[in-house]
Amino acid sequence: MKILVTGGTGYIGSHTVVALQQKGYEVVIVDNLSNSQADIVDQIEKITGLRPELEVFDLANRELTADFFRRHSDVLGVIHFAAFKAVGESVEKPLYYYRNNLVSLMNILESMQENNIRNIVFSSSCTVYGQPDILPVSEKAPIKKAESPYGNTKQISEEILQDYIKVSGLHAIALRYFNPIGAHETALIGELPLGVPNNLVPFITQTAIGIRQELKVFGDDYPTPDGTPIRDYIHVMDLAQAHVVAVQRMIGQQMKQGFEVFNLGTGKGYSVLEVINAFEKVSGTKLNYKIVDRREGDVTQVWADPTFSHNELGWKAEKGLDEMVGSAWKWEQAYRSRS
Ligand code: UD1
């Protein structure tokens, strides 16, 4: 029952490792620590009492990847999180993003084939839908031209998987995440972006704790009820559980097709101001924020139709917005008081 989690010391990866261990899976992590720290495995061990194995190397290195898989040919499945994800940076350094995100996927697929490992869960994103024409957005919605090299790596990766399963006997599930936020209830693991956060919730919590002076709200002139953009925020532990379910579906040979795609969202959208209000209420703090110009590339609104995930995966997000922002705040406070 051994699962390889690439990027397992990262934000979503670490929460998924916890969820896997708690369902009885043995976990081996591969991570190059480019955006995370090795001591995350200590934190995971504090939560579950089990220490995941960690190997530190870059999956874009073909020889190291092949060697790893030869030594771990008993792996039942792979959950592939390891990737760069900063939209703005990907525009500045497109080749860096294409090489990292695509070469690592191809190295993994080749090594899986060589060692007869058949199951892979891939981290995709709702970014593949762009601004959907119909809301909520279902898995059947068309893929729109990517706004950034980052988004394009997600689209191309899905295509690589789709093409490869036709000739390899591999099974792949792509999970399209909406906006993951929050932290494990123990506050021992959470989201820890290097440098200035790009994403809303870490920026909110870092502002509230005094690391950032003020939050900039990127535009209040969108055609939404309060003028700020709407997203489908989902608790990272709900997301983690979905990965366990996807792994069980593959190992239990319940897949209906060799390549399946599922939305991971709650089905409910919140505006930026609604997230700020929920944070202020739950934390009892007043957030220093100001409305500024729109951020280039932001879509107006997107939220999931999770019906297919409910029906086919038998998975449903359970945690609401207050719990999400509350856990993010608890994590920020706990982390800063430790360091
Ligand atoms: C972004 C990416 C998405 C990627 C995801 C993972 C873009 C356009 N999209 O999602 O492709 O999969 O991150 O990292 O970059 N906001 C502020 N102030 C801030 C930060 C954010 O007002 O300081 C607003 C944004 O305008 C947006 C909302 O908060 O309306 C959510 O932003 P963010 O957390 O960055 O997520 P996305 O942009 O939805």
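The values are calculated or read from the model by the stated rules, or taken from the named source; none is laboratory data. What you see is a predicted model; the values in this text were computed from it and never measured. Don't worry about glycine lacking a Cβ; one is built from the backbone with ideal geometry, like all the others, and counts go over all protein chains shown.
For (1) in contact with a strand residue (DSSP E or B) (Cβ under 7 Å, 6 or more places away or on another chain); (2) assigned to a loop (DSSP other than H, G, I, E, B); (3) assigned by TED's automatic domain parsing to the domain that holds Ala208, each residue gets a yes or a no:
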{"residue": "Ala242", "(1), (2), (3)": "yes, no, no"}
{"residue": "Gln257", "(1), (2), (3)": "no, yes, no"}
{"residue": "Ala278", "(1), (2), (3)": "no, no, yes"}
{"residue": "Lys281", "(1), (2), (3)": "no, no, yes"}
{"residue": "Ala328", "(1), (2), (3)": "yes, no, yes"}
{"residue": "Glu332", "(1), (2), (3)": "no, no, yes"}
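When only residues in the stretch 76-103 that are within 15 Å of the ligand (Cβ to nearest atom) and among the aliphatic types (A, V, I, L, M) count, which is nearest to His243 (Cα to Cα)?
Ala82
Which of the following residues is within 18 Å of Ser157 (Cα to Cα), among the β-branched types (Val, Ile, Thr) and in a strand (DSSP E or B): Val103, Val5?
Within the list Val103, Val5, the selection yields Val5.
Considering only the stretch 84-99, I want to know if a residue exists there that is in contact with a strand residue (DSSP E or B) (Cβ under 7 Å, 6 or more places away or on another chain), closer than 21 Å to Glu158 by Cα and assigned by TED's automatic domain parsing to the domain that holds Gln162.
no
Any chance you could count how many residues in the stretch 307-326 are closer than 23 Å to Pro225 by Cα and not in a helix (DSSP H, G or I)?
1
Kindly indicate whether any position in the stretch 291-302 is of a type outside the set (S, T, N, Q), crowded, with 20+ Cβ neighbours inside 10 Å and outside any helix (DSSP H, G or I).
So far as the stretch 291-302 goes, yes, one or more of its residues are of a type outside the set (S, T, N, Q), crowded, with 20+ Cβ neighbours inside 10 Å and outside any helix (DSSP H, G or I).
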